[in-house]
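A short write-up of the structure that comes next.
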Amino acid sequence: VQKQTAKSDVRIFTERMRASLSREIKLKDGLTHAIKNEQLFVVFQPVICSKSKDVSFCEALLRWRLNGDVISPSEFIPVAEQHGLIHSIGAWVLHKSCEMAANWTFDKAVELSVNVSVSQLMRGDLVSTVKSALAQSGFPAKNLHIEMTESIFAEDIEYVLRQIKTLQSIGIKVSIDDFGTGFSSLALLQSLSADVVKIDRRFIESMNQGGKAIIQATQHMASELGYSVVAEGVETPEQARILSAMGIECLQGFFFSKPMKIDELAEWHKGLKRTIR
Ligand code: C2E
Ligand code: MG
Ligand code: MG
Ligand code: MG
């Protein structure tokens with residue numbers, strides 16, 4: 001009986017592998033044509049300044065519409081990275097979101113934050129891609145943030161530091177995304193001298209089970225080092241209240257808004273203005 005179980009386990013395992021492999025092949029094939037087929041689009045999630053209660057910046061988040069389904073970037077970005085498609089997709093996101101933000105009607109002062117993958121940073125043409133997105137759109141460099149995750153710490157750190165310095169020399173702000181999930185160390189914040197640290201939402205979620213201590217420690221250290229701090233994944237008014245009281249500068253999460261299409265942003269912002277007043 002045991003032998004049979006083992007055999008069927010193997011069969012189930014290989015079937016799962018085959019299914020996920022064929023899903024990956026399907027995604028890869030689709031992604032290759034996604035830009036040309038106009039299936040990619042960008043949504044924006046506002047990040048709120050806890051003092052003014054107004055929007056500080058918006059994060060651009062990529063979406064892919066395939067045969068009526070909207071596929072999550074957590075599924076297709078890794079596929080794009082694996083198959084070398086992230087460079088063209090990443091360039092598209094930068095150009096598109098700068099162009100949209102250059103024309104946003106709701107508030108010209110609101111800044112834009114764009115995610116980049118480690119491989120985009122390591123390939124060496126990120127700076128020229130960013131420059132060309134800014135030049136073509138007319139969006140001001142000083143209003144652009146580039147988000148990268150802590151996985152950059154696993155790379156050639158000297159090279160990463162040079163890229164960060166170059167971006168900053170153009171006026172761009174550099175953000176460390178999902179802080180606390182990977183190779184993070186508070187000491188590395190010092191050597192990176194980036195501008196913004198985004199505390200991962202797992203700590204906001206677990207605020208009552210020890211997350212608060214980590215948020216507090218990160219907040220103290222990061223602001224001492226001159227960083228702005230953003231708390232991700234704020235879902236409840238209670239979390240927003242506690243985080244503001246802790247002195248966290250910016251809050252992002254479903255409590256304020258889900259990511260929106262650009263034309264929903266202006267309406268939403270009018271509503272926010274009414275609640276501030
Ligand atoms: P991220 O950069 O950490 O983006 C925040 C993610 O958290 C978004 O998921 C957002 O919808 C979600 N989120 C925001 N507030 C809340 C909340 O209160 N609760 C919960 N449960 N979730 C919240 P999304 O849009 O699915 O993106 C997932 C990840 O995909 C991003 O995480 C980022 O790493 C990656 N990604 C998205 N767009 C791009 C892109 O243009 N380029 C690259 N390289 N990566 C991207
Ligand atoms: Mg991000
Ligand atoms: Mg994040
Ligand atoms: Mg994340």
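The values are calculated or read from the model by the stated rules, or taken from the named source; none is laboratory data. Keep in mind it's a predicted model, so treat the numbers as computed, not measured. Counting neighbours? That spans all protein chains shown, and the Cβs are built from the backbone with ideal geometry, glycine included.
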Quiz item: Is there any pair with a first residue in the stretch 46-65 that is under 30 Å from residue 26 (Cβ atoms) and basic (Lys, Arg) and a second that is at pLDDT 95 or above and within 16 Å of ligand 2 (Cβ to nearest atom) whose Cβ atoms are under 9 Å apart and which are 6 or more apart or on different chains, and what are they?
Solution: 63/42; 63/43; 63/72; 63/73; 63/259
Quiz item: Any chance the stretch 108-115 includes a residue that's at pLDDT below 95 and over 21 Å from residue 56 (Cβ atoms)?
Solution: no
Quiz prompt | Residue tally, condition under 13 Å from residue 31 (Cα atoms) and touching a helix residue (DSSP H, G or I) at 6+ places or on another chain (Cβ under 7 Å), over the stretch 78-99 | solution = 9
Quiz item: Quick one: is residue 228 more than 16 Å from ligand 2 (Cβ to nearest atom), among the polar types (S, T, N, Q) and under 30 Å from residue 96 (Cα atoms)?
Solution: no
Exercise. Residue by residue through the stretch 117-158, note down the ones that are hydroxyl-bearing (Ser, Thr, Tyr) and assigned to a helix (DSSP H, G or I).
Key: 119, 128, 129, 132, 137, 151
Practice problem: Can you confirm whether the stretch 125-145 contains a residue that is of a type outside the set (D, E, K, R), in contact with an Asp or Glu (Cβ under 8 Å, 6 or more places away or on another chain) and within 16 Å of ligand 2 (Cβ to nearest atom)? | Solution: yes
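Per-residue answers, yes or no, for (1) modelled with pLDDT of 95 or more; (2) among the polar types (S, T, N, Q); (3) over 21 Å from residue 229 (Cβ atoms); (4) surrounded by fewer than 21 Cβ atoms within 10 Å (Cβ to Cβ):
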site: 144; (1), (2), (3), (4): yes, no, no, no
site: 147; (1), (2), (3), (4): yes, no, no, yes
site: 150; (1), (2), (3), (4): no, no, no, no
site: 157; (1), (2), (3), (4): no, no, yes, yes
site: 170; (1), (2), (3), (4): yes, no, yes, yes
site: 184; (1), (2), (3), (4): no, yes, no, yes
site: 187; (1), (2), (3), (4): no, no, no, yes
site: 199; (1), (2), (3), (4): yes, no, no, no
site: 205; (1), (2), (3), (4): yes, no, no, yes
Quiz item: Between residues in the stretch 143-164 that are within 25 Å of residue 110 (Cα to Cα) and residues that are among the basic types (Lys, Arg) and surrounded by 14 or more Cβ atoms within 10 Å (Cβ to Cβ), which pairs lie under 8 Å by C-beta distance while being six or more apart or on different chains?
Solution: 144/173; 145/173; 146/173; 147/198
